Amino acid sequence: MKLNIAVLAGDGIGPEVTEQAIKVLKAIALEFDHSFLFKSAPVGAIAIDEQNDPLPDDTLALCKSSDAILFGAIGHPKYDNDPSAKIRPEQGLLKLRKELGLYTNIRPVKAYDTLLEKSPLKRHIIKGTDISIYRELTGGIYFGEKQISEDGNTASDLCEYSRMEIERIAHLAFKAAQSRSKKVTLVDKANVLETSRLWRKVVTELATEYPDVELDFLFVDNAAMQMILNPKQFDVILTENLFGDVISDEASVIGGSIGLLASASVGDKYSMFEPIHGSYPQATGKGIANPIASILSAAMLLEHFDLFDEAELIKEAVEKSLKLEITTPDLNATYDNITTSKVGDFIADFISNPTDTNINFNNIHLGQSTII
Ligand code: IPM
Ligand code: MG
């Protein structure tokens, strides 16, 4: 298969983790005889520095003319600490999602058996967790009208949803549940918010088209608690933009590190694949950022194009790296000399030699070699 992939590595650790995902995709292309062409473009703080625009026209045009987008991270402390900044890096990402119509953000959350001890949560609570969060991505409070009074003392953000916006993501969530454990949990705040009541009404109506899927409801405050108390009760979580942002970061604790969580943002025409973590400015350039979320996002990209064997091989390689503790320090690994790019090397090498079990641990942990 031939794919043109736009690479928007962005800010902070974005470039270093995305580089590993590209390395892995190149190994896949070689093994399976595909042709992946990568073209990079600026986005976020770096694009503001260069062009005073977090999403330059050329970047958007590249995304629109590509088959898929690989996204890194966005954000910079100089904007986080300046609430008066009019141009902000995050606007680039939000505009990209809106312009490309990426209304569904899929965030899989899994407890890897080899990492159960790394989570601050108890082993018996998280073992076996397998959740797919369907977060609405182009509506709600993120995109409603924003106002600040002239004296600067009163502000508002409008939360608005239409039936159409709810229906299109709900269909995808129900379909996903059909091929999983057949349960959708709608997370909302229907005891307070009008928009949430609309979500409940529309999703309940639509559920009749999927009689094999059980539909359950949880208020978001309770859902936040249930996520920690009993995450195994969840299969597919369907929720609006802001609630999905919050509970997916919370859910990442189950996996042991936010550095493991990948995501796919899809619409009717375009698709983008990005780790859920941010730009982690403190780690930039230190080689300590975990590239696995970005690498697993690349696997989701392949799945999107029905390249399931290829995606499976990436996941197998990731599991192997976790098992052998060829991981970055966020996972409290025994070895502290495994850098971002060493993890990428190992995973790419495994893809080229998946059946080679002759692993030289000493060399791996000295960082000299991966598979011999
Ligand atoms: C995410 C991020 C973004 C969001 C930020 C960077 C705008 O937190 O993708 O979860 O809030 O959607
Ligand atoms: Mg977030």
Inset, instruction - Could you tell me which residue of the stretch 46-76 is farthest from Glu16 (Cα to Cα), considering only residues that are surrounded by fewer than 18 Cβ atoms within 10 Å (Cβ to Cβ) and within 21 Å of the chain's Cα centre (by Cα)? - result: Lys64
Legend entry - Residues that are surrounded by 24 or more Cβ atoms within 10 Å (Cβ to Cβ), of a type in the set (Gly, Ala, Ser) and touching a Ser or Thr at 6+ places or on another chain (Cβ under 6 Å), drawn from the stretch 15-45: Ala21
Inset, instruction - Identify, from the list Phe219, Phe174, the residue that is modelled with pLDDT of 95 or more and either open to solvent by less than 10 Å² (accessible area, probe 1.4 Å) or closer than 30 Å to Gly344 by Cα (or both). - result: Phe174
Legend entry - Selection count, the stretch 23-46, where residues are part of a helix (DSSP H, G or I) and either away from ligand 1 (no atom under 16 Å from the Cβ) or more than 22 Å from Pro291 (Cβ to Cβ) (or both): 10
Inset, instruction - Name the one entry in Asp33, Asp53, Asp67, Asp49 that is farther than 20 Å from Gly285 by Cα and free of Cβ contacts under 8 Å to residues at least 24 places away in the same chain. - result: Asp33
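Starting from residues that are assigned to a strand (DSSP E or B) and either under 23 Å from Ile276 (Cα atoms) or touching a residue at least 24 places away in the same chain (Cβ under 8 Å) (or both), keep the ones in the stretch 133-184 and report whichever is nearest to ligand 1 (Cβ to nearest atom).
Just the residues of the stretch 133-184 that are assigned to a strand (DSSP E or B), to begin with: 133-136, 146-148, 155-157, 183-184.
Among the residues that remain, those that are also either under 23 Å from Ile276 (Cα atoms) or touching a residue at least 24 places away in the same chain (Cβ under 8 Å) (or both) are: 133-136, 183-184.
Details: Ile133: 11, Tyr134: 14, Arg135: 8, Glu136: 11, Lys183: 24, Val184: 21 Å.
This residue is Arg135.
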Inset, instruction - Go through the stretch 58-84 and give me each residue that's farther than 15 Å from Ser265 by Cα and either part of a helix (DSSP H, G or I) or within 14 Å of ligand 1 (Cβ to nearest atom) (or both). - result: Asp58, Thr59, Leu60, Ala61, Leu62, Ile74, Gly75, His76, Pro77, Lys78, Tyr79, Asp80
Legend entry - Pick from the stretch 231-256, criterion open to solvent by 10 Å² or more (accessible area, probe 1.4 Å), in contact with a helix residue (DSSP H, G or I) (Cβ under 7 Å, 6 or more places away or on another chain) and more than 15 Å from ligand 1 (Cβ to nearest atom), ranking: nearest to Ser321 (Cα to Cα): Gly256
Inset, instruction - Could you tell me whether any residue of the stretch 337-348 is over 22 Å from the mean Cα position of the chain (by Cα), at pLDDT below 95 and surrounded by fewer than 20 Cβ atoms within 10 Å (Cβ to Cβ)? - result: yes
Legend entry - Count of the stretch 299-336 residues which are in contact (Cβ under 8 Å) with a residue 40 or more places away in the chain, among the polar types (S, T, N, Q) and open to solvent by 60 Å² or more (accessible area, probe 1.4 Å): 1
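Name the helices (runs of 4 or more DSSP H) wholly inside the stretch 189-287 in which the number of residues that are hydrophobic (A, V, I, L, M, F, W, C) and within 16 Å of ligand 2 (Cβ to nearest atom) is 2 or more.
Numbers: elements: 194-207, 220-229, 241-255.
The helices (runs of 4 or more DSSP H) meeting that bar are 220-229, 241-255.
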Inset, instruction - For Ile131, indicate whether it is over 17 Å from Ala262 (Cβ atoms), of a type outside the set (Gly, Ala, Ser) and open to solvent by less than 10 Å² (accessible area, probe 1.4 Å). - result: no
Inset, instruction - Return a yes/no flag: does the stretch 91-113 have any residue that is over 27 Å from Val236 (Cβ atoms), within 16 Å of ligand 2 (Cβ to nearest atom), open to solvent by 50 Å² or more (accessible area, probe 1.4 Å) and out of contact with any strand residue (DSSP E or B) (no Cβ under 6 Å at 6 or more places or on another chain). - result: yes
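The values are calculated or read from the model by the stated rules, or taken from the named source; none is laboratory data. This structure is a prediction, so every number in the text was calculated from the model and none was measured. Positions of Cβ are generated from backbone atoms using ideal geometry, with glycine treated the same way; all protein chains shown enter the neighbour counts. For accessibility, only protein heavy atoms count, side chains too; no ligands or nucleic acids. Shrake-Rupley method; radii C 1.70, N 1.55, O 1.52, S 1.80 Å.
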